[in-house]
Ligand code: MG
């Protein structure tokens, strides 16, 4: 019988793979911070880190990380067949499968995730810029997009959460004020 892989094993492998490929949670959280800081005064780095962790809990994202980085690694070892080897190795601009794989895992987080991903794909920031195969060393044709996708999903998740918190806070104040009015009346 084929082995059924436990989700804990997949999660651990995806996290380990990111570390092995030189990406930390903090690196991704930094991108989230840069994306969301303009919209939230006093945004804390801890909130960004928490959001990245939450996004990495999703199986869809873990699978995308494993598939994409596997292709990067095989390309680094020269183990892909031609012409795919040359396409991945040169990070061919018209390839698009790297973006498609990464984009597929942001849909669960809604429109902010999708538009942020488009922005990061063009304006590579922080660790994404560092990973860009064309600028640095190693082959990260898939990894830069995967990091952009995790950061985009985490940004969207946080944007929605922060709004929920703001509204809950406002509701609390309003109900406290109306309680005072009632007592005074
Ligand atoms: Mg790429």
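The values are calculated or read from the model by the stated rules, or taken from the named source; none is laboratory data. Bear in mind that the values here come from a model prediction, so they are computed numbers and not experimental data. Ideal geometry is used to build each Cβ from the backbone, glycine not excepted, and the neighbour counts take in all protein chains shown.
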>> Going by what's in this entry, would residue 96 be described as more than 19 Å from residue 13 (Cβ to Cβ) and within 11 Å of the ligand (Cβ to nearest atom)?
In response: yes
> Yes or no: residue 153 within 27 Å of residue 43 (Cα to Cα) and in contact with a helix residue (DSSP H, G or I) (Cβ under 6 Å, 6 or more places away or on another chain)?
Replying inline: yes
> Which members of segment 130-155 meet the condition of being at pLDDT 95 or above, part of a helix (DSSP H, G or I) and either within 11 Å of the ligand (Cβ to nearest atom) or under 15 Å from residue 57 (Cβ atoms) (or both)?
Replying inline: 143, 144, 145, 146, 147, 148, 149, 150, 153, 154
>> I'm trying to understand the selection: among the residues of segment 96-147, which are in contact with a helix residue (DSSP H, G or I) (Cβ under 8 Å, 6 or more places away or on another chain), surrounded by fewer than 17 Cβ atoms within 10 Å (Cβ to Cβ) and on the phi > 0 side of the Ramachandran plot?
In response: 110, 138
> Looking at residue 22, is it within 19 Å of residue 143 (Cβ to Cβ), in contact (Cβ under 8 Å) with a residue 24 or more places away in the chain and not in a helix (DSSP H, G or I)?
Replying inline: yes
>> Which pairs turn up if I take residues in segment 75-104 that are within 20 Å of residue 148 (Cβ to Cβ) and look for partners that are more than 14 Å from the ligand (Cβ to nearest atom) with beta carbon separation below 7 Å, at least 6 apart in sequence or on another chain?
In response: 75/85; 88/80
> Across segment 46-83, what is the total count of residues that are farther than 28 Å from residue 9 by Cβ and surrounded by 15 or more Cβ atoms within 10 Å (Cβ to Cβ)?
Replying inline: 1
